[in-house]
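All remarks here apply to the structure that follows.
The values are calculated or read from the model by the stated rules, or taken from the named source; none is laboratory data. None of the values given here were measured: they were computed from a predicted structure. Quick reminder, even Gly has a Cβ in these numbers, built from the backbone with ideal geometry, and neighbours come from all protein chains shown. Side chains are part of the model used for accessible areas, which takes the heavy atoms of the whole protein and leaves out ligands, DNA and RNA. Shrake-Rupley method; radii C 1.70, N 1.55, O 1.52, S 1.80 Å.
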Amino acid sequence: AAGSLATRIDDAKPVLMVSSDAGMRNGKPVPYKHLVDEACKLAEFPPAKVLIVDRGLDKGFPKVEGRDVDYAELRARHLDAKVPVVWLESSEPSYILYTSGTTGKPKGVQRDTGGYTVALTASMKHIFTGGAGETMFSTSDIGWVVGHSYIIYGPLLAGMATIMYEGTPLRPDAGIWWQIVEKYKVTVMFSAPTAVRVLKKQDPAFLKKYDLSSLKHLFLAGEPLDETSHQWIMEELGIPVIDNYWQTETGWPMLAICRGVEDSPIKLGSPAFPVYGYDLRIFREDGTECGANEKGIVGIVPPLPPGCLSTVWGQDDRFVSTYFSLFTEPVVYSSSDWGIKDDKGYYTILGRMDDVINVAGHRLGTREIEEAVQTHPAIAEVAVVGVADELKGQMPMAFAVVKNAADVDTPEKRAALEKEVMKKVDESLGAIARPARVHFIGGLPKTRSGKMLRRSIQALAEGRDAGDLTTIDDPSTLEQIKAALKS
Ligand code: ATP
Ligand code: MG
């Protein structure tokens, strides 16, 4: 959206911007250029030049005289130009990438060059185990950190071919990704839990239609991977599915199974162990370390390994206050995520710190309740938020998407399923965690990178405004939530 782009322009102060005329989504062109123009008008520090890659998708896109430069023309003019190598320090910034903004104003993560190269090269060998001549397919959006690290730099550093796919997993049908895997003999694939939950709602026959024998393993990251979905995708594909936990800030996985070093058994719903280089531990709020099976905050004892952010672009103070002010004795990097380590050393991420629900003095991670709801076979996807309650402080409320719409097409069926879901939660976590209501809706509000906008859901459930929605993928989901709440 123009507003989000303008905020980032003013933060980064670029001299040049690159855009295409339009992108493709669900088979339809989505014009971009007018958004770029709008953003440049809104911004205080617009770039002097905008380079346009004309894909021929939006025939009549607006042009700004003197500022816009046509890529094809420029390329033709400079085709034989010799550009000398410029030597830089390894600590020189390679890029700024804004975090998803799930928890507020996005932070401009500044990445170095040398450290990032070292980290990605090592991770290709030790985590993703992809080598020269093989093909990697990351289904991520290129604007997300997974896109930067594992569509572009990681596979290319490893000498792999990489696939960049523009589109949804459902078009022309739910077999498209697997068709790509067969066609290009993909060996390493990387996707997100949200995509698995989308596929779970489709006919599983699509997964059996293609020859997937080239595929060694599938990696998933970005959101908690619930046990039910983890098991489902692993059984359907018949290969290891590795959950890995990281942040835009780190640039590469913090928790994973390093199959290229030592293969370990997969624990469903757990991204396993700290990756080498990360002294990752679980801390109590007073800065002391948690014991096994005790919930706490995920932190990293510095120094951060290569690849992690060098600072927040242009805001060193914010770098310190955001990441290094929660624990100061000793200084620890705070991930702002809530997690737990079991007695075998497997970690589980329980949600973000501000997603913790406080019910009558009991602290529950939204993830734990979502996990319980998802054990019901009719449920494809669910978001749980804490809603203010006079008596108990907060009450969990669930918004669920069913696999089969016919399961909730009458008020009677909805009431019956709501009861069954509540029973599931009672069984696994106790009545204290039981959602006050389970609302059934057609889709959940997410960012473009597939992250649940829990803060917006919570705001609506508490009768407040949904807040900044510039990164939302499908705004109609909010209307569905409002309608469900009204009913
Ligand atoms: P912002 O920081 O602006 O709010 P964001 O945190 O959504 O945005 P990202 O850096 O893209 O932006 O997301 C990282 C977060 O995603 C992690 O801190 C964690 O909450 C979640 N996450 C990533 N991978 C996993 C995983 N495997 N399991 C559970 N949660 C995960
Ligand atoms: Mg974050």
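At a glance:
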item: Tally of residues being open to solvent by 50 Å² or more (accessible area, probe 1.4 Å) and on the phi > 0 side of the Ramachandran plot across the range 302-327; result: 1
item: Options 100, 91; residue that is in contact (Cβ under 8 Å) with a residue 60 or more places away in the chain, open to solvent by less than 70 Å² (accessible area, probe 1.4 Å), of a type in the set (Gly, Ala, Ser) and outside any helix (DSSP H, G or I); result: 100
item: Among residues of the range 418-458, those that are over 30 Å from residue 167 (Cα atoms), in a helix (DSSP H, G or I) and either open to solvent by 10 Å² or more (accessible area, probe 1.4 Å) or of a type in the set (Gly, Ala, Ser) (or both), counted; result: 13
item: Residues being surrounded by 17 or more Cβ atoms within 10 Å (Cβ to Cβ), charged (D, E, K, R) and over 25 Å from residue 129 (Cα atoms) - total across the range 197-232; result: 2
item: Scan of the range 407-465 for residues that are basic (Lys, Arg) and either away from ligand 1 (no atom under 16 Å from the Cβ) or farther than 21 Å from residue 224 by Cα (or both), ordered by number; result: 413, 414, 419, 423, 424, 434, 437, 464
item: Conditions (1) open to solvent by less than 30 Å² (accessible area, probe 1.4 Å); (2) more than 26 Å from residue 362 (Cβ to Cβ); number of the one not met by residue 330; result: (1)
item: Breaking point among (1) within 28 Å of residue 139 (Cβ to Cβ); (2) modelled with pLDDT of 95 or more; (3) not basic (Lys, Arg), for residue 479; result: (2)
item: Neighbours by Cβ (under 7 Å, 6+ apart or cross-chain): first from the range 369-386, part of a loop (DSSP other than H, G, I, E, B); second among the hydrophobic types (A, V, I, L, M, F, W, C); result: 376/421; 378/402; 378/417
item: Single residue of 122, 76, 81 found to be of a type in the set (Gly, Ala, Ser), open to solvent by 30 Å² or more (accessible area, probe 1.4 Å), assigned to a helix (DSSP H, G or I) and over 30 Å from residue 179 (Cβ atoms); result: 76
item: Qualifying strands (runs of 3 or more DSSP E) (wholly inside the range 1-60; at least 1 residues being more than 28 Å from the chain's Cα centre (by Cα), surrounded by 13 or more Cβ atoms within 10 Å (Cβ to Cβ) and aliphatic (A, V, I, L, M)); result: 49-53
item: From the options 36, 83, 30, residue that is under 30 Å from residue 170 (Cα atoms) and at pLDDT below 95; result: 30
item: Those residues of the range 460-480 which are closer than 15 Å to residue 396 by Cα and buried (at least 18 other Cβ atoms within 10 Å of the Cβ), in sequence order; result: 460, 461
item: Residue among 424, 451, 413, 403 that is without any contact (Cβ under 8 Å) to a residue 24 or more places away in the chain and of a type in the set (Lys, Arg); result: 413
item: Single condition residue 299 does not satisfy, out of (1) at pLDDT 95 or above; (2) touching a Gly at 6+ places or on another chain (Cβ under 6 Å); result: (2)
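Yes or no, residue by residue, for (1) at pLDDT 95 or above; (2) in contact with a Leu (Cβ under 6 Å, 6 or more places away or on another chain); (3) aliphatic (A, V, I, L, M):
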position	(1), (2), (3)
367	no, yes, no
383	yes, yes, yes
391	no, no, yes
399	yes, no, no
404	no, no, no
413	yes, no, no
417	yes, no, yes
431	no, no, yes
442	no, no, no
